[in-house]
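Report on one structure; see the data block that follows.
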Amino acid sequence: FSLDVEAAGIAAVYRTLIMTEFAGQWPAIKSLLAPGGERYIELSMQRQPPVGLAGYLQATATRFGVQRQWAQILATTPPILGPGFPEPPVVPGLESTGPEGWELVANAMRLCTATSLVGVPAVAVPTGLVDGLPSGVQVIGQMYREDLCLEAAEAIELRLGVLTPIG
């Protein structure tokens, strides 16, 4: 079982659930967004249209199975250090520029997406700049052990120093 390989498939399950839940409220939410703010969500809905009840239930069953697998692994390991974005940093907003930008960012966010689907705590920690853009790692822990994730994040910050936001 590889968390990274599995994360790619998990992202599809996550998008199925989120886009199906989101679709019914999209017209109301869209009216609240600033001009151009809807582009990412529209690209997401094109990539993963809402599914019917059978598809939603299948995605939910898959989610529960993945949660069980991750819980078994994380119960016997210390917090896991993973990439926050396993690609070179990209220009902010790339995910909304079109299908190619959306795909690159969605693929690079697969581990973050997986932790959201599974419901485990994860802390993003900045680690520096790459080509003038921020990069970092994430600390992933077992369910309800936010304390261990925060302790590990603090240890990383103590080692690297606290990096201030780019202003």
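The values are calculated or read from the model by the stated rules, or taken from the named source; none is laboratory data. As the structure is a prediction and not an experimental result, all values here were calculated from the model. Positions of Cβ are backbone-derived with ideal geometry, glycine not excepted, and every protein chain shown enters the neighbour counts. All accessible areas refer to the heavy atoms of the entire protein, side chains included, with ligands and DNA or RNA removed. Shrake-Rupley method; radii C 1.70, N 1.55, O 1.52, S 1.80 Å.
Contact map, region 98-116: first residue closer than 9 Å to ILE10 by Cβ and of a type in the set (Lys, Arg), second residue open to solvent by 30 Å² or more (accessible area, probe 1.4 Å) and at pLDDT below 85, Cβ cut-off under 7 Å, separation 6 or more or different chains; pairs are ARG110/ALA8.
Restricting attention to region 74-93, the residues that are in a helix (DSSP H, G or I) and either open to solvent by 50 Å² or more (accessible area, probe 1.4 Å) or among the basic types (Lys, Arg) (or both) total 0.
If I ask for residues that are modelled with pLDDT of 80 or more and among the hydrophobic types (A, V, I, L, M, F, W, C), which ones from region 1-25 would you list? Those that are modelled with pLDDT of 80 or more and among the hydrophobic types (A, V, I, L, M, F, W, C): ILE10, ALA11, ALA12, VAL13, LEU17, ILE18, MET19, PHE22, ALA23. Does region 59-69 contain at least one residue that is without any contact (Cβ under 8 Å) to a residue 40 or more places away in the chain and within 16 Å of the chain's Cα centre (by Cα)? There is no residue in region 59-69 that is without any contact (Cβ under 8 Å) to a residue 40 or more places away in the chain and within 16 Å of the chain's Cα centre (by Cα).
Taking first residues from region 27-48 that are closer than 17 Å to ALA12 by Cβ and partners that are open to solvent by 60 Å² or more (accessible area, probe 1.4 Å) and assigned to a loop (DSSP other than H, G, I, E, B), no Cβ contact under 6 Å between residues at least 6 apart in sequence or on separate chains turns up. Here region 128-167 is the region considered, the condition is being in a strand (DSSP E or B) and of a type in the set (S, T, N, Q), and the residue that is least open to solvent (accessible area, probe 1.4 Å) is GLN138.
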